[in-house]
Ligand SMILES: Nc1ncnc2c1ncn2[C@@H]1O[C@H](COP(=O)(O)OP(=O)(O)OP(=O)(O)O)[C@@H](O)[C@H]1O
Ligand SMILES: [Mg+2]
């Protein structure tokens, strides 16, 4: 279970970033004090436009960056005080993770398994299971640099899950995947949920959120504008599709740009 309380994240901008933004603001408030919980047996979606604060929220959850204010709790462990225990419980997938192109899937996955302190026997069985699930087996001895984008993404997923974590935090997991590959990933996330795991994903694809998530938080400009099941979001907005609900919330927010 994840509990996020009053999460705020402010970035100090470099001179270059200030020039790019075209103003004299020294800080960017990426996340403006948000609260939400994600339960076991649940897939929770963070849905929002570019620059809304999804990745920042997830990086805080994964304890890669510290919140400016507020707190993160993962299965009873505090993100600030017990970061190592939090990290042990979770898988974090982000496009920022780049696997070394010179190595093979087999070598890389073993490496991460050992990093997590798994025995050789459990690495072997977890790796075989995940390679089969994500169709990596035929490519296990191919250099990562020679793999397709989709295969690299699937391998990143395999690597992130090698230690069989309880909490899965996937930032745009289906990005760049064709619909067949995307389906493999979303079906596996559903399986993880039925095993009692806590799953949180970010996306800007409405159909992914609609089909996959039990509850959704619509985040814009660092704030949660609506949170709940699809039905609850339809009720809140008076709309009957997620597209329409999203635009309703966007209009209410004044159509403000995030970046
Ligand atoms: N390290 C940083 N330094 C300065 N600003 C940052 C930093 N990281 C993120 N931001 C800014 O914070 C805001 C939120 O960014 P974030 O990456 O969380 O958005 P996002 O919802 O993940 O967007 P996308 O859908 O494009 O991935 C953006 O305005 C971004 O430019
Ligand atoms: Mg992002």
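Values in this text are rule-based calculations from the coordinates and carry no lab data. The shown structure was predicted, so the numbers you read here are calculated from the model rather than taken from an experiment. So basically every Cβ, Gly included, is an ideal-geometry build from the backbone, and we count neighbours across all protein chains shown.
If the chain between residue 119 and residue 15 were fully stretched, how many nm would it gain, using 0.36 nm times the residue separation less the Cα-Cα distance? Mind showing how you got there, number by number?
Details: separation 104, 0.36 × 104 = 37.44 nm, distance 4.73 nm.
Between residue 119 and residue 15, full extension yields 32.7 nm more.
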Margin query: Connecting C-alpha atoms closer than 10 Å in a GNM of the chain, tell me which of 195, 153, 17 has the biggest fluctuation.
Written below: 17
Next item on the list: Note down the relative contact order for the chain as a percent, whole number, built from C-alpha pairs under 8 angstrom at least six residues apart.
Entry: 26
Checklist line | Largest-first principal axis extents of the Cα set of the stretch 54-136 (Å) | finding: 41, 25, 21
Checklist line | Over the chain: helical MRE at 222 nm, DSSP H runs n ≥ 4 each giving -39500 (n - 2.57), nearest 500 | finding: -11500 deg cm²/dmol
Notebook entry, point to check: For the stretch 2-252, what size does the Cα cloud have along each of its three principal axes, sorted from largest down, in whole Å?
Noted result: 52, 44, 37
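Could you work out the relative contact order of the stretch 1-123, using alpha carbon pairs under 8 angstrom and six or more residues apart, expressed as a whole percent? Walk me through the intermediate numbers first.
Working: 145 pairs, mean separation 31.3, N = 123.
Across the stretch 1-123, relative contact order equals 25 percent.
What do you get when you divide the Cα radius of gyration of the stretch 115-244 by 2.2 N^0.38 Å, with N the number of residues?
Numbers: Rg = 17.0 Å, N = 130, 2.2 N^0.38 = 14.0 Å.
Scaled against compact globular proteins, the figure is 1.21.
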Check: Fewest first, what order do 201, 162, 65, 123 take by the number of other Cβ atoms within 10 Å?
Finding: 65, 123, 162, 201
Item checked: Distance histogram in 10 Å bins (all Cα pairs of the stretch 123-179, percent per bin) -> 22, 55, 23, 0
Next item on the list: Could you work out which residue, out of 203, 57, 194, moves most in a Gaussian network model of the chain, that is, has the largest mean-square fluctuation with Cα springs under 10 Å?
Entry: 194
Check: With Rg and the Kirkwood Rh both taken from Cα atoms, where does Rg over Rh land for the stretch 99-142?
Finding: 0.95
Next item on the list: Could you work out, for the stretch 1-49, what percent of all Cα-Cα pairs fall into each 10 Å distance bin, beginning at 0 Å and stopping at the bin that holds the largest distance?
Entry: 21, 35, 25, 15, 3
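Could you line up 74, 167 from fewest to most neighbouring Cβ atoms inside 10 Å? Before the final figure, lay out the partial values.
Details: 74 27, 167 21.
Final ranking by Cβ density, sparse to dense: 167, 74.
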